[in-house]
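**Student:** Here's a structure for you.
The values are calculated or read from the model by the stated rules, or taken from the named source; none is laboratory data. In this text, all values refer to a predicted model and were calculated from it rather than measured experimentally. In this analysis, Cβ positions are derived from the backbone assuming ideal geometry, glycine residues included, and neighbour counts consider all displayed protein chains. Accessible surface areas use protein heavy atoms only, side chains included; no ligands, DNA or RNA. Shrake-Rupley method; radii C 1.70, N 1.55, O 1.52, S 1.80 Å.
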Amino acid sequence: MTDEPDIEPIEITYDEDRYPARPRKLRPRTNMRTSNIRRSFSDPRSADASNPSYVEWLIRQSMLRDAEILGRGLSGQPSMWRHPYARPDARRAIGVASVWFTAYPISLITGSQSYLAALGDDALWDAFEKIGITAVHTGPVKLAGGITGWSSTASVDGHFDRISTQIDPAFGSDDDFRQLSDVADNHGGSVIDDIVPGHTGKGADFRLAEMGYKDYPGIYHMIEIPEEDWHELPPVPEHRDSVNLDAATEKRLADLGYIIGQLQRVIFYSPGTKETNWSVTAPVLGADGKTRRWVYLHYFKQGQPSINWLDPTFAGMRLVIGDALHSLGDLGSSALRLDANGFLGVEKSAEGSPAWSEGHPLSEAANHLIAGMVRKVGGFSFQELNLTMEDIRDTGRVGADLSYDFINRPAYQHALAMADTEFLRLTLRTSLSTGVQPVGLVHALQNHDELTYELVHWATLHRADLYPFRDEEVPGAQLAETIRADLVEKLTGDAADYNLVFTTNGIACTTASVIAATQGLTTLDAITDGHIDDIREAHLLLVMFNAWQPGVFALSAWDLLGMLPLPSSEVSELIAEGDTRWVHRGAHDLMDVDPDATMSTSGMPRGRSLYGSLPQQLEQDDSFATRVSQILKIRTEIGLDIGTQLDIPDVAHPGMLVMVHRLDGGDATLEDAPLQVTVLNFTGEEIEGTVRSAELTPRRTVYDAVTGEEIGRVDDLQSFTVKLAPYAGLCLLGRDSDDEDPSTSTETAV
């Protein structure tokens, strides 16, 4: 490039010696003013604070109350001191559960059974054992959504707006969950549940907080606005309980010292719907007879008020820890996903700059507390933290045992779409140089969420850093834009009208539909049975990429069955407000329990499966599920899942990827630990090229760990040649040249 990039780095400084951490004038007298007190008589029919019975009804349903009961029951018990808890241990977690099935409650067709009962079926676990799956992540199954008056309201975010510790009856019962845990244990497996440390739904806890009842306001980032300033607030329509603040109102309230104002980003941004991270309630009668209006923070949707981890009551912390203990101690799960756990600290920053809301030290401290408590009772945790690699590294040093691989997921999709692994090699190398080993990551195919292409690492902290890409040095921000543009062009619109852009975050798609788009199939009707073999081969390539490296490998029913997205017309009401993710959450029948069903019990329309049910596939030698089992078998046999990644070397063909691993079980002092080499072809054409790495040992014979077939010999330049069929992959080991039979030899470094 001949010109310097016209991008200035954005540096937000939080040093209190240089910038005020709070408004210059706190105006204590003004902030102590209260609105007029109004009192009303009790009406047993009223669904407000005037009715003591209604308040008591809310208390009985609240998560904070349950947390207090659970905490008292475990406090002082010897079970709280039996397990180490200070440090994350990814390899211990992988030893418990190396291959995960990620379920989604509302999409599983279960016949006459509940969702949890279906997951606890012995026949399903027999199939999982044959494939090599050792854990089931249930997805969120506790009550979610909200409460309006005496009535419950539906979830606004796929049950990630939790309002209770109770299992939602739509998915089964507490006993069903316990039975699932027992069946999994009988098959050598585990169950992974969810907690959401970042927010709740608008359930009993939020309604009690609005009433100003005891400690409940301390659960949330909510600020009472004095009545004399209500004119600064927008009106709330009669049929609503809150409205989102626009940017101008957000700024006015920040200038008045009520809120910290703009945050670093607005997730789910939508004009007229969510323009800021703050909303204001309608007037709410309090338990003390006082009417209040609150402004509250929600990093996600309005129905997901954010939890305050540094309130003097520590009510939010108590609520979350209680929810975790319930899942681990009462329901019998072995692990927990920490969802939305990267946004647990917010703080006012430099004048004129966004508030500090990502990568905050309080998030690290809170995650340490949560993960430490989980380990203290014998479980482990993983986090879905789509932030910079430094944030993932730092949080992983003290927090969750594992992190979801947001680093490489868009990169491997990009490699497939472009038939070029350059960006994937860059992400892998950057991860290694940053100190994020793949053994600490959950490498996943499709889950319930979109293909996230925010590329936060490149677009934020490293937006002005230069990276080599396509024969140029490009700044991180431009790199992120280029990758996003490539993915949108190759996977959506005219290229594939069934994959839909999801707000500013990514693409709503299944793994099979990503592959179909890369293979030139522009509509769902264009995907015929004659295309299934090619789609399956590319799908298996992505399995090999994710499984033939250290760390957890995860896949969903949408992957196991080769599901395609639903036509938009079938979920038009669900996607009407822009949440296009519903197209890739089609209902599916893993075990052929109800072949004639057209939808799940929850009402999700049935999607199209390219590969067939698990019983059908496991009877076929060349099916997707059977071949996945072969990929996973060798991974476990050689201990690749707990190894160490050493090198991502340059490649002889742009569509080739090479990963070099040390099979040391994490013991860096182990002498002569064998090496393993993964070689993959991300193109639909046969390729041939040289594999070269400084980690390879000259004069070793290289063989295919799956077939035992000899591939070649490492020459004195530390290289060997491979030939790969379209979408093919190799898992390679080495042996001394005089060892002719790989079945009787001991693997050595390649």
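**Student:** Between ALA170 and THR721, how high is the FRET efficiency from 1/(1 + (r/R0)^6) when r is the Cβ-Cβ distance and R₀ = 51 Å? Nearest 0.05.
**Tutor:** 0.35
**Student:** From largest to smallest, what semi-axes in whole angstrom does the stretch 456-585 give when each is the square root of 5 times an eigenvalue of its alpha carbon gyration tensor?
**Tutor:** Calculated on Cα positions only, the semi-axes equal 27, 20, 15 Å.
**Student:** Would you kindly derive the ³J(HN,Hα) couplings of the stretch 192-208 from the backbone phi angles with the Karplus curve 6.51 cos²θ - 1.76 cosθ + 1.60 (θ = phi - 60°), listing them in order in whole Hz, with x for Gly and Pro?
**Tutor:** Computed from phi, the couplings for the stretch 192-208 are 10, 10, 10, 10, 10, x, x, 6, 10, x, 8, x, 4, 5, 5, 5, 5 Hz.
**Student:** Just the accessible area per residue of the stretch 263-361, please: how many Å² with a 1.4 Å probe?
**Tutor:** 28 Å²
**Student:** Follow-up question, since we're still on this one. Using Cα pairs closer than 8 Å and at least 6 residues apart in sequence, work out the relative contact order for the stretch 148-264, in percent.
**Tutor:** Relative contact order here is 17 percent.
**Student:** Same structure, new question: Could you tell me which of rounded, prolate or oblate describes the stretch 182-250, using a ≥ b ≥ c as the square roots of the eigenvalues of the alpha-carbon gyration tensor, with rounded for a/c under 1.5 and, failing that, prolate when a/b is larger than b/c and oblate otherwise?
**Tutor:** Note, shape of the stretch 182-250 comes out prolate.
**Student:** From the C-alpha coordinates alone, can you work out the Kirkwood hydrodynamic radius of the stretch 389-502, in Å?
**Tutor:** Result for the stretch 389-502, one decimal place: 14.8 Å.
**Student:** Okay, moving on. I'd like the antiparallel share, as a percent to the nearest 5, of DSSP beta bridges with both residues in the chain.
**Tutor:** For the chain, the DSSP antiparallel bridge percentage is about 70.
**Student:** Something else about it: What is the sum of charges around SER602, taking Lys and Arg as +1, Asp and Glu as -1, for the other residues whose C-beta is under 13 Å from the C-beta of SER602?
**Tutor:** +1
**Student:** What is the diffusion coefficient of the stretch 631-692 in µm²/s, taking the Kirkwood radius over Cα pairs and the Stokes-Einstein relation at 10 °C with a viscosity of 1.306 mPa s?
**Tutor:** 123 µm²/s
**Student:** Diagonalise the Cα gyration tensor of the stretch 389-455 and give the resulting equivalent ellipsoid semi-axes, square root of 5 times each eigenvalue, largest first, whole Å.
**Tutor:** 21, 15, 9
**Student:** Run the numbers for ALA365 and ILE69: contour at 0.36 nm per residue of separation, minus the present Cα-Cα distance, in nm.
**Tutor:** 104.1 nm
**Student:** When the expected Rg is taken as 2.2 N^0.38 Å, what fraction or multiple of it is the alpha-carbon Rg of the stretch 57-122?
**Tutor:** Scaled against compact globular proteins, the figure is 1.68.
**Student:** Loop only by DSSP, 14 or fewer other Cβ within 10 Å of the Cβ. Give me the GluC sites (Glu not before Pro) in the stretch 670-713 that pass, ordered by residue number.
**Tutor:** GLU671, GLU685, GLU686, GLU709
**Student:** Could you work out Rg/(2.2 N^0.38 Å) for the stretch 601-750, with Rg from alpha carbons only?
**Tutor:** Taking N as the residue count of the stretch 601-750, the ratio is 1.21.
**Student:** Separate question: Could you please report the charge total around ILE575, scoring K, R as +1 and D, E as -1 over all other residues with beta-carbon less than 13 angstrom from its beta-carbon?
**Tutor:** Value of the local net charge: -3.
**Student:** Moving to a separate point now. What pairs in LYS301/LYS348; LYS274/LYS490; LYS290/LYS348; LYS251/LYS301 have C-alpha atoms more than 25 Å from each other?
**Tutor:** LYS274/LYS490; LYS290/LYS348
**Student:** Could you work out the helix-only [θ] at 222 nm for the chain, with each DSSP H run of four or more residues adding -39,500 (n - 2.57) and the total divided by the number of residues, to the nearest 500 deg cm²/dmol?
**Tutor:** One gets -8000 deg cm²/dmol as the mean residue ellipticity at 222 nm.
**Student:** Leaving out ligands and nucleic acids, and using a 1.4 Å probe, what accessible area per residue does the stretch 607-750 come to in Å²?
**Tutor:** Roughly 44 Å² per residue, with all protein chains present.
**Student:** So how compact is the stretch 474-515: Cα radius of gyration and Dmax in angstrom?
**Tutor:** Computed over the Cα atoms of the stretch 474-515, radius of gyration and Dmax are 11.0, 32 Å.
**Student:** Of the accessible area of the stretch 403-479, with the probe set at 1.4 angstrom, what percent is carbon plus sulfur?
**Tutor:** Answer for the stretch 403-479 is 49 percent, counting heavy atoms of protein chains only.
**Student:** I would also like to ask the following. Over the stretch 175-224, with the other protein chains present, what is the accessible area per residue in square angstrom, probe 1.4 angstrom?
**Tutor:** I get 27 Å² per residue for the stretch 175-224.
**Student:** What translational diffusion coefficient, in µm²/s and rounded to a whole number, does the Stokes-Einstein relation yield for the chain at 25 °C and a viscosity of 0.890 mPa s, taking the hydrodynamic radius as the Kirkwood radius over Cα pairs?
**Tutor:** 90 µm²/s
**Student:** Follow-up. Counting alpha carbon pairs within less than 8 Å and at least 6 residues apart, what relative contact order, in whole percent, applies to the chain?
**Tutor:** The value is 12 percent.
**Student:** Would you mind computing Rg(Cα) / (2.2 N^0.38 Å) for the stretch 85-205, counting N as its residues?
**Tutor:** Rounded to two decimals, the normalised Rg is 1.15.
**Student:** Taking a quarter of the surface of the convex hull around the Cα atoms of the stretch 546-655, what do you get in nm²?
**Tutor:** Result: a mean projected hull area of 10.6 nm².
**Student:** Ordered by residue, what ³J(HN,Hα) values in Hz, to whole numbers, does the stretch 702-716 give under the Karplus form 6.51 cos²θ - 1.76 cosθ + 1.60, where θ = phi - 60° and Gly and Pro are x?
**Tutor:** Once θ is set to phi - 60°, the couplings for the stretch 702-716 become 9, 9, 6, 5, 7, 9, x, 6, 6, 9, x, 9, 6, 8, 6 Hz.
**Student:** How long are the semi-axes of the equivalent ellipsoid of the stretch 575-631, defined as square roots of 5 times the Cα gyration tensor eigenvalues? Whole Å, largest first.
**Tutor:** 27, 15, 7
**Student:** Here's another thing I want to ask about it. Out of residues 5 or more away from LYS142 or on other chains, whose amide H comes under 5 Å of its own, with H placed 1.01 Å from N in the peptide plane?
**Tutor:** ASP168
**Student:** With only alpha-carbon pairs counted, each pair once and no self-pairs, how large is the Kirkwood hydrodynamic radius of the stretch 365-425 in angstroms?
**Tutor:** So the Kirkwood estimate lands at 12.9 Å.
**Student:** Looking at the square roots a ≥ b ≥ c of the eigenvalues of the Cα gyration tensor of the stretch 287-431, which shape do they give, rounded for a/c under 1.5, prolate if a/b is larger than b/c, or oblate?
**Tutor:** Judged from the Cα gyration tensor, the stretch 287-431 comes out oblate (a/c at least 1.5, b/c at or above a/b).
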